[in-house]
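Every number here is computed from the coordinates shown, using simple stated rules; none is lab data. Not measured: the values here are computed from a predicted model. All Cβ positions, glycine included, derive from the backbone under ideal geometry; neighbour counts span all protein chains shown.
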Amino acid sequence: MGLSVIGAGVGRTGTYSLKLAINELGLGPCHHMEEVLHDQPAQVPLWAAAVQGRADWEAIFAGYGGAVDWPTAGFFRELSTAYPDARFVLTVRSAESWVDSFSATIYRLLSAPDQVPPQMRPWFDMASAVIAKSGFPTGLDAAGLAKAFDAHNEAVKAAIPADRLLVYQVKEGWGPLCGFLGAPAPDTPFPRTNDRAEFWDRVAGKI
């Protein structure tokens, strides 16, 4: 199974809702950082190798039909070449609201390496490297994060042909996504999940 839909949006842009939507449309299973956390012995070394330029995409995405969130979003250029028929979804939101959410969740987690349990260190190091590769090293202030967020989104739009790319806010619901992917819109409400409280609940459950 090759990937047919790839999310190029970084974490905290509705990627978990997009994952659930892709699954509901029958285009999954959809890979997400949650899958890495659930299968660290297999996934972490593969992604660590990808950061070093030795990606084995077939092994990483074996059994998946879609992929969103980090680590995937850090490799949109490579994946565009590896999966030339895949369609890309760039999830976006205002830079200000993203900085607020990212700073209170993922960035806060990455900024406390001394609090990471030893068994989680390989995952933490890989995730930190992927997020830094995406333009978000630790130590940026709010203005630096907003600039990096805009730069990532512009880089995606420059690298992915327009006919393969949907720039999308999850609050838009099923219509634009289903139209882009050529899938009928479900009768069910669009999934809306993974607020900040859910984020920390998920982290606590994995770490």
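Between helix 196-206 and the chain there is an angle of about 70 degrees, using the helix long axis and the longest principal axis of the Cα atoms. Among GLY173, GLY74, GLY66, the largest mean-square fluctuation in a Gaussian network model of the chain, built with springs joining Cα atoms closer than 10 Å, belongs to GLY173. Distances between placed amide hydrogens fall under 5 Å for ARG87 paired with VAL5, ILE6, all partners being 5 or more residues away or on another chain.
Straight-line cross-link reach from LYS19 at under 20 Å between alpha-carbon atoms covers these aspartates and glutamates, not counting any fewer than eight positions away in the same chain: GLU34, GLU35, ASP39, GLU58, ASP69, ASP85, GLU172, ASP187, ASP195, GLU198, ASP201. Shown here: the range 79-118, whose C-alpha atoms stretch 42, 31, 10 Å along the first, second and third principal axes, sorted largest to smallest.
Considering all different alpha carbon pairs of the range 1-144, the Kirkwood hydrodynamic radius works out to 15.5 Å. Could you state the number of Å between the C-alpha centres of the range 1-44 and the range 50-91? So the separation of the two Cα centres works out to 10 Å. With the Kirkwood sum run over all distinct C-alpha pairs, the range 1-48 has a hydrodynamic radius of 11.7 Å.
Contact order, relative form, for the chain: 31 percent (alpha carbon pairs under 8 Å, 6 or more residues apart, mean separation divided by residue count). If you take all other residues with their beta carbon under 12 Å from the beta carbon of GLY63, and give Lys and Arg +1 and Asp and Glu -1, the sum is -3.
A cut-off under 13 angstrom between Cβ atoms defines the neighbours of ALA185, and their net charge, with Lys, Arg +1 and Asp, Glu -1, is -3.
Give, as a single signed number, the net charge of other residues whose beta carbon lies under 14 Å from the beta carbon of ALA21, with Lys and Arg counted +1 and Asp and Glu -1. Net of charged neighbours comes to 0.
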